[in-house]
Each structure stands twice: as C-alpha cells, then as structure tokens.
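A.B. asks: Attaching a single structure in structure tokens format; questions to follow.
The values are calculated or read from the model by the stated rules, or taken from the named source; none is laboratory data. Since this is a predicted model, take the numbers as computed values, not measurements. Positions of Cβ are generated from backbone atoms using ideal geometry, with glycine treated the same way; all protein chains shown enter the neighbour counts. Remember, those area values only see protein heavy atoms, side chains included, never the ligands or the DNA or RNA. Shrake-Rupley method; radii C 1.70, N 1.55, O 1.52, S 1.80 Å.
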Amino acid sequence: MELIEIRNITKSYNLGDITVPVLNGVSFQVSHKELIALMGASGSGKSTLMNILGCLDQPTSGEYWIEGEEVSRFSADQRAVLRNQKFGFVFQNFNLLPRTSALENVAMPLTYTQDHLSDRIARKRAAKMLDRVGLGDRMGHEPSQLSGGQQQRVAIARALINRPPILFADEPTGNLDSKTSDEVLKVFQQLNEEDGVTIIMVTHDAYVARHARRIIRIRDGVIVDGDDTERQSPKATQEDPGASAAETGGAR
Amino acid sequence: MKAYRSILTALKALRRNPMRAMLTTLGIVIGIAAVIAMMEIGAGSAEAIKKSISSMGANVILILPGTASSGGVSFGAGSVMTLTPKDCEAIARECPAIRNVAPIVRARAQIVYGGRNWVPSSISGTTPAFLAIRDWTDLAEGESFSERDILNANKVCLLGQTIVRELFQGESPIGKAIRLKNISFKVIGVLSRKGANMVGMDQDDTILAPWTTIKYRVSGSTLGNVNQSSTSSSTSGTTVNTLSNLYPGDESGLYPATSDVQQADNPMPVRFETVDQILAAANSTEEIPMAINQITELLHERHHIRPGEDDDFNVRDMTEMSKTISDTTALMTKLLLCVAMISLVVGGVGIMNIMLVSVTERTREIGLRMAVGARGRDILRQFLVESVALCLVGGALGILLGHGGSMLVRMLLHWPIKTSPMAIAAAVLVSGSVGITFGFYPAWKASRLNPIEALRYE
Ligand SMILES: Nc1ncnc2c1ncn2[C@@H]1O[C@H](COP(=O)(O)OP(=O)(O)O)[C@@H](O)[C@H]1O
Ligand SMILES: [Mg+2]
C-alpha cells in the first residue's frame, strides 16, 4: 500500500463570476521514506497542491488516499486530527509564535494531541527535538533572538514533535541564504535517511531540488515530469518545456 | 485538549502583551471594584440599621404630645392637651394589641459623683415597663426599680454604661449615691450595653428613674432651665410650674389621690400631670397598625377630639421609620449597582474590542495552530479562555480594589461595612460571564477561520 496516492485532483478558485483553474487533474503516488521535491515556476500551483496534500485545503474533485484511506471528503475536525497525527509542516516564513521560547514553540502542537502528555514530558520531548535539529543550546531563545536558519530548524523541530510519517515543506529555504539553506537541507536529508520520514518539499530552486531523491515537476496545474525516481538529476536548470511535455500526467 | 492546558496557553498568550491585557481589563477592574464596594457598604449600613432597630426594642410605638400638624401653625387649642400618666394607664388597660406601655418624663441636668460630674444626654423618668419595651430587662448589675418606687417617688436610678464609665471609672456604682440637681439618687442597677441608635446617639449615656421622681423632684423644681424637651414639646410649662408650687419637690406620694380628684373637678381637659412621651410595644409586628388604631381611638375619646379636629398627639411607629431608612439604603445600593453594571458592560465591550483586534493580529498564529492540528473548537476554547482569564484577573483585582476601598471608607468615614462572600462569589461569576459573553464573538470568529487563508494573512 502506498503512503499517499492522489488521483485526478483538480482545484479551482471562484473569483466572483470567473472560475480560475489551478490544478487540472494531478495524479501520483508517494511511497514510504521518499524525499520528494515538488518543482515548478511561481504560480504553477505547487503550494495549492501541497496544501491539498497536507489536508489544509480540499480539492475541487479527485481522490486522495492516505495509507488506504480516502480523506478528500473528511470533515474539518477529521482533517485537523490527521494533520496533527500524520503531517508536519514547514513554511517559508517559519511561522513561529513571537515572544515565545523555542522550546514552547516546538511543544505547541502537543497541546492538540489526543494523548495529553504531561507538561514535563512535553518539554522533554521538545528539548530532544531541538537537540535533533542542532539547537540544544538555544531552547530558551525567542524567535527574534535566532537567525533565519535557526528559526527554520525550530520550525522543523515543531513539525516533527508528534513524530509524523510525512513532512511537508513549502519553500523551506525561500527566506534563507545559501549557507543556512544547506543547514536546513542537511537536516531534511538526515531525517529522511535516519528516521525514515517521508518529506515532500516545494521549491522552485533547482539547487534545492537536487537534494531530493525524486522530483515532481508541475506546470500550469499538471505534472510534467514526475518520474525522476531515485535519480539525483543533473538537470541543473528549470524544466525544459519541449522535452518534458510528452510525459504529461505521468504517475509511475 | 485539556482544560488546564487551555488555561496555560491562554495565560502564555496574555503574557505576550501584559500592558495591553492590563489596560483591557481596567473596565472590569473598576466595575467589579464598584460592585464590591457598594455591596460591602450597603450590607454594612443595612446591618447597622438592623442592629439599631433591634436596640430600639421590637415593635415599638412612640406617642408624642402636640398637634399632628406640628409645623408651628396649629400650635393652638389642641396642644394644651398633652399626654398624661392616665392616658398611659388607659392604653395599658384598653388596647389589647399593646404588650407594654410606659410613660417617659425627660429632664436635663448635671449629675455629680464624688469629684466628677457629667451631663447625660438623656435622663428619663419611666416605669419598669420601659425596660420590657426596649428589650433591656437584662441588667448588667443590680436590679430595676419597682412600682412601689414609682408610687413613692423614691430617689433611685439605673445608670447606662457610659455614665458608669465616666463617673465611676471601674468601681461598681451599686448602692452609691449620685447627685442630680442637688437631689441624691441611690444607684440600684446598671443597664447593659446598647451602643448607638439609628441616628448615632449613644443609648448608654442615659439615666432611668421612676417617672414620679423625675417629674416632681427633678423637673418640677428646675423646670425653667433644664427640662428642655418638656417645654419644647408642649406649652404646659406654666401648668407644671403651678403644680410644682402646689407639690414641692420634697413631698412624695401626692400624685395618685390628687390627680383623681382634680380630674373629677375639672372636666375641662387641663392636664396637671403631663408626661413627655408614652412608649408602647405592640404584641407583634403584624399588630402594630392595629395597635396604632386602638391608641388613636382611645386618645381621641380621652382628649375629647371630635371627628375632623386635629389630633393633639402623634403616634409614631419605629419600624415604619427604620423601614424607610433601610428602603432608602436599598434603593441607593440598587442605583449604584446599576452604575456598576453599566461600567461592567462598558468593560465587556472593551474586552470584546481587544479580543477582536487580537484575533486579527494573530490570524497567522491561528492558521498555524490549525495546521498543527487545532480544531475549530480548540481555537474557540483558547480565545474564550483567554477573555475569561482576562476578566477573572480583572475581577480579582476589582475585588481587592473594592474591598480596599470599602475598608478605606470605614477607616476614614467610619461607615459600617460588611464583607459579603456572596458579593465576592457574584463578582467572580459576573466577571466570568462578562468574559464569556463578550469573548464569544471574537473567539467564534477565530474558530471559523480557514487554515490556508489564516496562514496567508499578512
Ligand atoms: N485563494 C486563492 N484565490 C484565488 N486564486 C488563488 C488562491 N490561491 C492561489 N491562487 C492562484 O493559484 C495559482 C497557484 O498558486 P500557488 O499554488 O500559490 O503557486 P505556487 O506556490 O506554485 O507559486 C496562482 O495563479 C494563484 O493566483
Ligand atoms: Mg507557493
């Protein structure tokens, strides 16, 4: 059974009278322990797709299976539980709570878990997570006292606190310089290799995408090249429109 | 999401902006402080009134001489007719709704014991029934005078605590002789402590003696300058002066026989012996109106007042008076409570305003919390707990402030106050409900946010 399978997902927004199609039938599968880069130009619908994958948003049509369960018609509460248990999110702009210590930021998702952990255990687990991303010595620091790379690592620790099988990252290095980007990407690779966390990261940066083991390319709401399995592609530049157009919509 | 965790989360959120939290809750603080202070002061004065009412004695009815419309205008024919000891006896005999009745003759004089002297605020001549009416039969020391003392106009007296303190300073006054207008009175009893009455007069600054003694031995001889209440409440001064010439202060036992004869000789209502007041007690509170009617009827008959004529006496009901006072206090408390409630509503609107601002400001945070698994109801609860916590902190501060305020009032103005656990419980409840009422809409708004839109919010 695949970890994730989407079939013919579409998404369109209604802006007044006109309907704007963003995703036009996207299908692919994700196996356990993959490290995937979702690539595409700005405005191509990467974030929209990722939000649907992360159950933050619902598709207009199509099927979405997680571990054999169809979740695209889940209620808001069911999706909340799913997000809490199965997904971790890392955002481009970190989204840490201001004036709140790194430790408390990391422990925050535990507030919404069903197996109410005691405060002490929650903090212990958060501390371990911060250690894991190399910030064991910054636990008391507030976001304003941390560098961008450190903030993003705090965000990663927060995303992982509930030990989710899947981590979604939307342009995780978009606000970082190349050196701190490398730090973050290294953490991702480690997590993927050592802990077996499935990671789907959205990026428009080929350099970032090169750290993934599989690249799914999206353009104008359709997948143009989704079959780069297990290949650290040497294609340095953005996708070549002419070459990849033939493979449109390819699931593996 | 456990309750204590929501409270913790809410407190953390409030701690991020403590100054704003304080200012937001100020309206609640002031509202609750006002409620608490009003309740404590109101309850205190109600208690004080209740206490002074009970110190007056239960179901007391006061009969005063003079015209009903005693504004000075109709101070004519009717006011010649004053109350007599005979009236008092008739009331005791013929008014079934009356439990006890006692005449009162007042005097004002200096009393001397040894090297010390004192002018009591009240010197009353009366009968032992007076003590029964005033619920004062339990003497601190000694015993009361008897009917026999009244018949013989014996020179005995009971002292109030204040006088004992002022004149005797620790030693027992029983059996000692005090001098009152150069007449020696033997102290046979000491009254128990009563404290201040409704208008703040010290009820322990008093001497009680047989009314005949005061009438014929004290007021009689010195009426012109000391018996103020007698001269002011009636125009019987000349009559009494004549009387005191007829019956010099030394002679005793004159009153019963002569009075009868004189009454027989004088069908005209000229009162030779007058008393300043008659104090009566009804059998029960319910019978007070009945008792007043009985007294009025009886005195109409005895004073030959025809229908339509003005009364030459006043019947006053103490409970009526105290009810008016406590009604006024209750009304004041209610009005002030209204003001306090309005300030609470204003405070609540302030809370709502700030919570709405807070929800808007923290839209991204809400989106993030939803992304990591918060359900709509978790968000609703979090913001609700936040506004309730804000209000409860405000309420707690308000309770302290209000209590402090009423303590200050007690210290500076000497008003009676009474801490009321009910008021504190109500304050907590009210501030909590204000938090829920005015926090609900912002919290509901927050819970309805779409996670994506919230996360994208700039
Ligand atoms: N809430 C929305 N309402 C209307 N159009 C939207 C909304 N969100 C995204 N879009 C549109 O969908 C398209 C894809 O957006 P997005 O998925 O954010 O692109 P990417 O992340 O690849 O840059 C864009 O053209 C954008 O204008
Ligand atoms: Mg995007």
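A.B. asks: Restricting the first residue to segment B:149-164 and requiring it to be touching a residue at least 40 places away in the same chain (Cβ under 8 Å), which pairs with a second residue that is in a strand (DSSP E or B) and of a type in the set (D, E, K, R) meet a Cβ separation below 7 Å and a spacing of at least six or different chains?
C.D. replies: Every condition considered, the pairs that remain are B:LYS155/B:LYS186; B:VAL156/B:LYS186; B:THR162/B:ASP202.
A.B. asks: Related question: A:LEU185 - would you say it is away from chain B (no Cβ under 11 Å) and touching a His at 6+ places or on another chain (Cβ under 6 Å)?
C.D. replies: Criteria met by A:LEU185.
A.B. asks: Please specify each residue of segment A:8-41 satisfying the condition of being within 13 Å of ligand 2 (Cβ to nearest atom) and within 14 Å of the chain's Cα centre (by Cα).
C.D. replies: A:LEU38, A:MET39
A.B. asks: Now for a different question. Mind counting the residues in segment A:42-86 that are outside any helix (DSSP H, G or I), away from ligand 2 (no atom under 16 Å from the Cβ) and among the hydrophobic types (A, V, I, L, M, F, W, C)?
C.D. replies: Matching residues across segment A:42-86 total 5.
A.B. asks: Tell me yes or no: at least one residue of segment A:88-99 is more than 16 Å from ligand 1 (Cβ to nearest atom), among the hydrophobic types (A, V, I, L, M, F, W, C) and outside any loop (DSSP other than H, G, I, E, B).
C.D. replies: Scanning segment A:88-99 turns up no residue that is more than 16 Å from ligand 1 (Cβ to nearest atom), among the hydrophobic types (A, V, I, L, M, F, W, C) and outside any loop (DSSP other than H, G, I, E, B).
A.B. asks: For segment B:344-365, which residues satisfy the criterion of being part of a helix (DSSP H, G or I) and either open to solvent by 30 Å² or more (accessible area, probe 1.4 Å) or within 11 Å of chain A (Cβ to nearest Cβ) (or both)?
C.D. replies: If the condition is that a residue be part of a helix (DSSP H, G or I) and either open to solvent by 30 Å² or more (accessible area, probe 1.4 Å) or within 11 Å of chain A (Cβ to nearest Cβ) (or both), then B:VAL345, B:VAL346, B:VAL349, B:MET352, B:ASN353, B:ILE354, B:LEU356, B:VAL357, B:THR360, B:GLU361, B:ARG364, B:GLU365 are the ones that fit.
A.B. asks: Next up: Answer with yes or no whether B:SER433 is within 14 Å of another protein chain (Cβ to nearest Cβ), touching a helix residue (DSSP H, G or I) at 6+ places or on another chain (Cβ under 9 Å) and among the polar types (S, T, N, Q).
C.D. replies: no
A.B. asks: Looking for something open to solvent by 10 Å² or more (accessible area, probe 1.4 Å) and touching a residue at least 40 places away in the same chain (Cβ under 8 Å) - is there at least one such residue anywhere in segment A:72-86?
C.D. replies: yes
A.B. asks: Could you say whether any residue in segment A:22-41 is exposed (fewer than 14 other Cβ atoms within 10 Å of the Cβ) and touching a strand residue (DSSP E or B) at 6+ places or on another chain (Cβ under 8 Å)?
C.D. replies: No, because not a single residue in segment A:22-41 is exposed (fewer than 14 other Cβ atoms within 10 Å of the Cβ) and touching a strand residue (DSSP E or B) at 6+ places or on another chain (Cβ under 8 Å).
A.B. asks: Of (1) crowded, with 19+ Cβ neighbours inside 10 Å; (2) at pLDDT 80 or above; (3) farther than 14 Å from B:SER124 by Cα, B:PHE145 satisfies all except one. Which?
C.D. replies: Of everything listed in (1) crowded, with 19+ Cβ neighbours inside 10 Å; (2) at pLDDT 80 or above; (3) farther than 14 Å from B:SER124 by Cα, B:PHE145 misses just condition (3).
A.B. asks: Kindly indicate the residue of segment A:202-218 that is within 13 Å of ligand 2 (Cβ to nearest atom) and farther than 17 Å from A:THR180 by Cβ and also surrounded by the most Cβ atoms within 10 Å (Cβ to Cβ) among those meeting that condition.
C.D. replies: In this case the residue turns out to be A:VAL202.
A.B. asks: Look at B:LYS194 and say whether it is open to solvent by 10 Å² or more (accessible area, probe 1.4 Å) and in a strand (DSSP E or B).
C.D. replies: no
A.B. asks: I need every pair where a residue in segment A:37-50 that is farther than 15 Å from A:ALA209 by Cα has its Cβ under 6 Å from the Cβ of a residue that is within 6 Å of ligand 1 (Cβ to nearest atom) and open to solvent by 10 Å² or more (accessible area, probe 1.4 Å), sequence separation at least 6 or different chains.
C.D. replies: As it stands, the answer is A:GLY45/A:VAL22; A:THR48/A:VAL22, since those pairs meet every condition given.
A.B. asks: Quick check on segment A:53-60. Is at least one of its residues free of Cβ contacts under 8 Å to residues at least 24 places away in the same chain and surrounded by fewer than 22 Cβ atoms within 10 Å (Cβ to Cβ)?
C.D. replies: At the first step, the residues of segment A:53-60 found to be free of Cβ contacts under 8 Å to residues at least 24 places away in the same chain are A:58.
So of that shortlist, the ones also surrounded by fewer than 22 Cβ atoms within 10 Å (Cβ to Cβ) come out as A:58.
Yes.
A.B. asks: Does segment B:397-412 contain any residue that is more than 30 Å from B:ASN293 (Cα to Cα), within 14 Å of chain A (Cβ to nearest Cβ) and among the charged types (D, E, K, R)?
C.D. replies: Looking for residues that are more than 30 Å from B:ASN293 (Cα to Cα), within 14 Å of chain A (Cβ to nearest Cβ) and among the charged types (D, E, K, R), one finds none in segment B:397-412, hence no.
A.B. asks: I've got another one for you. With over 14 Å from the mean Cα position of the chain (by Cα), within 14 Å of chain B (Cβ to nearest Cβ) and more than 16 Å from ligand 1 (Cβ to nearest atom) as the only criterion, which of A:ASP115, A:ASP177, A:ASP131 stands out?
C.D. replies: Answer to the selection: A:ASP115.
A.B. asks: May I pose another question? Mind telling me which of the residues B:ALA427, B:ALA423, B:ALA443 ends up being open to solvent by less than 50 Å² (accessible area, probe 1.4 Å), more than 14 Å from chain A (Cβ to nearest Cβ), of a type in the set (A, V, I, L, M, F, W, C) and within 16 Å of B:SER6 (Cα to Cα)?
C.D. replies: Numbers: B:ALA427 fails: within 16 Å of B:SER6 (Cα to Cα); B:ALA423 fails: within 16 Å of B:SER6 (Cα to Cα).
Testing whether each residue is open to solvent by less than 50 Å² (accessible area, probe 1.4 Å), more than 14 Å from chain A (Cβ to nearest Cβ), of a type in the set (A, V, I, L, M, F, W, C) and within 16 Å of B:SER6 (Cα to Cα) leaves just B:ALA443.
A.B. asks: Given segment A:1-40, what strands (runs of 3 or more DSSP E) lie entirely inside it while holding 3 or more residues that are within 12 Å of ligand 1 (Cβ to nearest atom)?
C.D. replies: Qualifying strands (runs of 3 or more DSSP E): A:4-15, A:18-30.
A.B. asks: Take the residues of segment A:144-173 that are away from chain B (no Cβ under 14 Å) and within 16 Å of ligand 1 (Cβ to nearest atom): which is surrounded by the fewest Cβ atoms within 10 Å (Cβ to Cβ)?
C.D. replies: A:THR173
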